[in-house]
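What follows is a short report on a single structure.
We did not get these values from a lab; they are worked out from the coordinates using the rules stated. Everything numeric here is computed off the predicted structure, so don't read it as measured data. Here the Cβ positions follow ideal geometry from the backbone for every residue, glycine too, while neighbour counts run over all protein chains shown.
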Amino acid sequence: MSSETAAKTKVDMRAPQPHRRLPPEANIFFVLIGIALVYEILGWLFIGQSFLFNQQRLTIMILQVSVIGIIAVGVTQVIITGGIDLSSGSVVGMTAMFSASVAQASTWPRALYPGLTDLPFFIPIFVGIAVGLLAGYINGQLIARTKIPPFIATLGMMVTARGISKWYTKGQPVSGLTDQFNFIGTGIWPVVVFLVVAAIFHVALRYTRYGKFTYAIGANVQAARVSGINVESHLIKVYAIAGMLAGLAGVVTAARAQTAQSGMGVMYELDAIAAAVIGGTSLAGGAGRITGTVIGTIILGVMTSGFTFLRVDAYYQEIVKGMIIVAAVITDVYRQKKRTKK
């Protein structure tokens with residue numbers, strides 16, 4: 001056998017190299033590009049304008065989805081554990097009211113501390129985040145200790161938080177906020193907050209024990225318990241973090257609007273769940289990434305902005321959004337069946 005033939009035989013006998021698979025977020029990103037291109041084409045056909053090459057429109061769109069994105073980061077972690085959080089929208093409204101009331105440029109701080117005009121801006125931020133953390137902690141305690149379904153526990157919190165936000169100021173809006181507090185909602189700061197939160201929890205889920213425990217509980221709670229994971233304690237942490245992020249979203253919402261109303265955050269929880277599911281987070285638990293959720297959040301923003309750009313009535317927007325949520329869930333069910341067969 002010649003040396004050339006031997007070399008060929010040696011190459012042929014080697015094990016076949018596995019193909020590098022694209023990350024799960026790649027398909028979702030391609031969907032985002034496709035949706036944006038469809039709006040671009042329709043814009044030129046029916047309106048004679050560009051959808052993608054309008055910096056003002058894109059800036060407004062990103063600012064609008066930043067609050068939903070902050071909530072969706074927390075909701076994603078809850079869904080990965082196999083749970084659900086229906087209270088985040090109401091928690092946004094409640095925390096917005098509490099933080100805004102502390103951020104008012106009023107005379108009450110002077111009654112406590114003569115010579116002090118306004119409280120430092122970080123105090124209302126802390127109050128909003130703390131109230132959200134408390135709401136999430138209560139959700140986690142109810143789910144972990146009483147074993148009631150997450151749907152029921154968070155539904156109860158949804159109604160309670162909305163009632164508290166109305167009771168707190170007797171349904172009246174809170175206005176006259178300090179300039180320092182309002183600064184958080186100006187410019188690109190909401191987007192910066194969203195991206196920083198997403199980056200932190202992307203690292204936490206992928207590279208820390210917190211993330212490993214979260215995925216393990218969602219994949220098989222009994223196996224996680226047998227392996228030594230304190231499931232109840234970890235679930236409390238996950239729901240507390242989700243509440244904390246909803247509280248942060250409430251602070252940003254109040255600062256953006258420069259006022260707070262008890263009706264803030266209505267339906268935000270469904271948008272956050274939709275962003276997570278569209279981004280590839282499985283409602284069955286055990287699968288999902290923050291990067292996918294970020295792309296899913298942008299997809300929702302592109303759709304809403306695109307419908308407005310095409311002058312589509314808001315009622316139709318809600319119908320299409322509902323259909324997309326259902327389609328995303330059906331896709332997730334199909335994906336789970338394929339995994340089971342393998």
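Things to note:
- Some residue of segment 234-244 being buried (at least 18 other Cβ atoms within 10 Å of the Cβ), closer than 29 Å to Val192 by Cα, among the charged types (D, E, K, R) and out of contact with any Leu (no Cβ under 8 Å at 6 or more places or on another chain): yes
- For first residues located in segment 318-337 and closer than 12 Å to Ala284 by Cα, partners that are in a helix (DSSP H, G or I) and lie 6+ apart or on another chain with Cβ distances below 8 Å form the pairs Val329/Val277; Asp332/Val277.
- Some residue of segment 173-184 being within 26 Å of Gly140 (Cβ to Cβ) and crowded, with 21+ Cβ neighbours inside 10 Å: no
- From the list Ile299, Ile325, Ile319, the one residue that fits, being part of a helix (DSSP H, G or I), surrounded by 15 or more Cβ atoms within 10 Å (Cβ to Cβ), out of contact with any Gly (no Cβ under 9 Å at 6 or more places or on another chain) and β-branched (Val, Ile, Thr), is Ile325.
- With respect to the conditions (1) part of a helix (DSSP H, G or I); (2) surrounded by 12 or more Cβ atoms within 10 Å (Cβ to Cβ); (3) not β-branched (Val, Ile, Thr), Gln56 falls short on a single one, namely (2).
- Top-ranked residue in segment 200-257 [being of a type in the set (Ser, Thr, Tyr) and within 17 Å of the chain's Cα centre (by Cα); ranked as nearest to Val78 (Cα to Cα)]: Tyr239
- Filter pass, Gly265 being of a type in the set (Gly, Ala, Ser), surrounded by 23 or more Cβ atoms within 10 Å (Cβ to Cβ) and within 23 Å of Phe30 (Cβ to Cβ): no
- Qualifying residue in segment 239-252 (condition: in contact (Cβ under 8 Å) with a residue 12 or more places away in the chain, more than 27 Å from Ala204 (Cα to Cα) and of a type in the set (Gly, Ala, Ser)): no
- Looking across segment 170-200 at every residue that is β-branched (Val, Ile, Thr) and assigned to a helix (DSSP H, G or I), the one that is farthest from Thr297 (Cα to Cα) is identified as Ile184.
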